[in-house]
Amino acid sequence: MADYILSLDEGTTSARAALYDREGRRVAMESNPIECHYPNAGWVEQGALAIWEQQLDAARRTLQKAQVAASNVAAIGITNQRETTVVWDRATGEPIAPAIVWQCRRTASWCQELAARSGALITEKTGLVVDAYFSGSKIRWILDHVPGARERAAAGDLLFGNIDTWLIWKLTGGASHVTDVSNASRTMLMNLASGDWDDELLGMFGIPRGMMPRIARSSEVVGMAGASHLGAEIPIAGIAGDQQAALFGQACFRAGLSKNTYGTGCFALLHTGGRQPVSAHKLLATRAAQLDGGAQFAIEGSVFVAGAAVQWLRDGLGLISTAAESEAVATSVSDSAGVYMVPAFVGLGAPHWDGHARGLISGLTRGATRAHIVRAALESIAYQTRGLVEAMEADSGQELVELRVDGGATANRFLMQFQADVLGKPIVRPADIETTALGAAYLAGLAVGFWSGTEEVEKFWKAERVFEPKMPESEREHLYDGWKDAVRRCRS
Ligand code: ADP
């Protein structure tokens with residue numbers, strides 16, 4: 001049997017490929033940037049063909065770097081930026097429009113009208129809050145705006161896919177038109193309970209069922225990547241959306257385990273096992289990666305501005321010259337001296353969902369310095385995460401024992417310690433923080449018997465550092481009360 005698993009990790013800003021050995025160790029990783037285009041205010045697009053070319057190139061270079069032949073790769077796993085929408089011609093393989101990226105707001109007003117009409121029904125069916133973020137309204141937009149598209153779709157000539165589906169279709173030369181439950185649960189067109197496309201939803205969005213890919217499990221062979229691409233035929237055996245792949249890569253396979261990713265924003269997911277969650281706190285219910293017949297669920301909450309607040313300190317205020325410098329500046333003072341920053345630059349996400357809230361810095365006195373403001377910005381990331389975690393615990397009726405973390409800002413030790421303190425829970429940083437690519441590799445490897453089961457894979461996961469809470473409870477609650485007060489002040 002072959003000795004490696006290849007993971008393709010197609011993110012918003014880069015297409016990466018990584019190669020893993022039998023012990024789950026990453027032996028090579030290569031990446032190519034992906035360009036975004038902003039043709040109108042609030043619009044975000046990418047070239048679907050460019051994504052494919054950059055992803056394939058990253059995969060080829062990864063194999064070259066590791067000096068591993070494609071014939072020695074047991075399977076390919078794919079993880080992707082979720083919700084980003086591609087529509088292409090079944091016969092020619094040509095996209096009929098640029099890919100509409102998840103961040104794109106062009107369908108926001110249509111979604112507002114839809115929410116007013118049918119918001120409760122859609123949330124009940126999909127677990128999602130009606131928003132332009134998800135794929136459904138993006139597909140509709142393409143059908144409405146590309147001349148002739150609606151007729152071609154009705155005739156069965158057009159196909160829809162998120163980036164996973166698009167890459168698999170290209171890799172298999174058009175033989176497989178498939179996605180997995182975790183990606184499908186972000187389209188707003190899948191019935192969360194049944195795991196199938198929902199005809200009533202397809203009708204509401206005006207999308208013919210014939211455009212939609214087959215929904216597979218996250219870990220099964222869905223097709224063969226053609227030999228012309230990487231040098232040998234390789235089974236494609238794992239698919240998951242990026243956040244669900246990261247949950248899997250953090251070895252969160254069971255109810256009660258959770259991870260938080262600290263990047264531009266934060267994405268927290270709590271596994272709820274086979275139980276479909278219903279959120280009373282405006283979090284999203286979604287599908288977790290699924291290995292076998294049994295549906296798996298998660299609750300998801302996101303913070304829009306996390307690491308981006310640090311970028312603002314650097315680029316907007318010029319208070320620091322690099323993101324990493326924030327740590328030394330923050331720890332040059334012993335506390336934030338009552339200064340709070342609420343980085344509600346684009347409103348507040350879960351659990352507030354206040355699109356009109358705007359950011360503030362509060363508690364300023366004559367003694368406040370740049371260090372207090374920098375510290376307050378880092379602390380805001382931890383406070384926002386506590387808000388998500390509390391909402392998740394309330395929704396699931398489960399108490400988190402620890403929070404596993406990944407993402408660029410987890411390099412900041414002050415932030416990690418403060419997070420442990422303000423949550424009163426251990427924060428666990430794993431040895432391999434490329435958890436997204438790793439999760440897709442696990443899913444593929446498990447499907448082809450490269451690894452025997454989740455028990456084997458679980459042993460690969462190692463904590464690099466655990467941040468234990470040290471702050472007395474009275475202080476933790478006092479600080480958090482101050483944060484809640486600052487949030488109240490910035491609400492619209
Ligand atoms: P994304 O995948 O969203 O692009 P990354 O996981 O690459 O994000 O993380 C980058 C983000 O983390 C940036 O917003 C940056 O400001 C922040 N960041 C990176 N290093 C640090 C650090 N040492 N301290 C605080 N924030 C950091």
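What does the highest-first list of 483-491, 138-146 look like by mean Cβ count within 10 Å? Walk me through the numbers on the way to the answer.
Values: 483-491: 16.0, 138-146: 20.1.
Averaged packing, sorted descending, gives the order 138-146, 483-491.
Which whole-number percentage describes the relative contact order of the range 4-243, with Cα contacts under 8 Å and a sequence gap of 6 or more?
Details: 516 pairs, mean separation 48.8, N = 240.
Normalised by residue count, the contact order of the range 4-243 is 20 percent.
Please list Glu151, Glu458 in order of solvent-accessible area, largest first, computed with a 1.4 Å probe with all protein chains present.
Glu151, Glu458
At a 1.4 Å probe radius, carbon and sulfur cover how many percent of the accessible area of the chain?
Working: 9150 of 18240 Å².
The computed percentage sits at 50.
Go ahead and collect, in residue order, the members of the range 458-492 whose backbone nitrogen is under 19 Å from a label point 7 Å along the Cα-Cβ direction of Val27.
Once the point is set 7 Å along Cα→Cβ of Val27, 460-461 turn out to lie under 19 Å by backbone N, inside the range 458-492.
Students sometimes get this wrong: rank Val86, Val27 by accessible area, probe 1.4 Å, all chains present, largest first. Working shown, then result.
On the way: Val86 0, Val27 70 Å².
The ordering from most to least exposed comes out as Val27, Val86.
Let's test this: bin the Cα-Cα distances of the range 173-247 at 10 Å from zero up to the farthest pair and state each bin's percent.
The distribution over the range 173-247 is 19, 42, 30, 9, 1, given as percents.
Using alpha carbons only, how many angstrom separate the centre of the range 213-229 from the centre of the range 1-52?
Their Cα centres are 17 Å away from one another.
Compute the separation of the alpha-carbon centres of the range 95-115 and the range 377-426 and state it in Å as a whole number.
31
At 0.36 nm per residue, minus the direct Cα-Cα distance, what do Ser321 and Arg275 gain on full extension? Give it in nm, one decimal, please. Present the calculation step by step, with values, prior to reporting the outcome.
Details: separation 46, 0.36 × 46 = 16.56 nm, distance 4.61 nm.
Length gained between Ser321 and Arg275: 12.0 nm.
Past the 39 angstrom mark, what percentage of all C-alpha to C-alpha distances in the chain do you count? Walk me through the numbers on the way to the answer.
Details: 25646 of 120786 pairs.
The calculated P(r) of the chain puts 21 percent of pairs beyond 39 Å.
For the pair Met1/Glu151, report the inter-label distance in nm, with labels modelled 7 Å from Cα in the Cβ direction.
5.3
So what does the Cα-only Debye profile of the range 40-179 read at q = 0.11, 0.13, 0.19, 0.20 Å⁻¹, as log10 I(q)/I(0), no solvent term?
Listed by q, the Debye log ratios stand at -0.49, -0.65, -1.15, -1.23.
Please report the spacing between the Cα centers of the range 61-77 and the range 129-201 in Å, no decimals.
Each part reduced to its Cα centre gives a spacing of 30 Å.
Rounded to the nearest whole Å², what accessible area per residue is found for the chain with the 1.4 Å probe? Display every interim value, and only then the final one.
Working: 18240 Å² over 492 residues.
On a per-residue basis, the chain sits at 37 Å².
The values are calculated or read from the model by the stated rules, or taken from the named source; none is laboratory data. Keep in mind that this is a model prediction, so the values were computed, not measured. Heads up, the Cβs are rebuilt from the backbone with ideal geometry, glycines too, and the neighbour counts pull from every protein chain shown. For accessibility, only protein heavy atoms count, side chains too; no ligands or nucleic acids. Shrake-Rupley method; radii C 1.70, N 1.55, O 1.52, S 1.80 Å.
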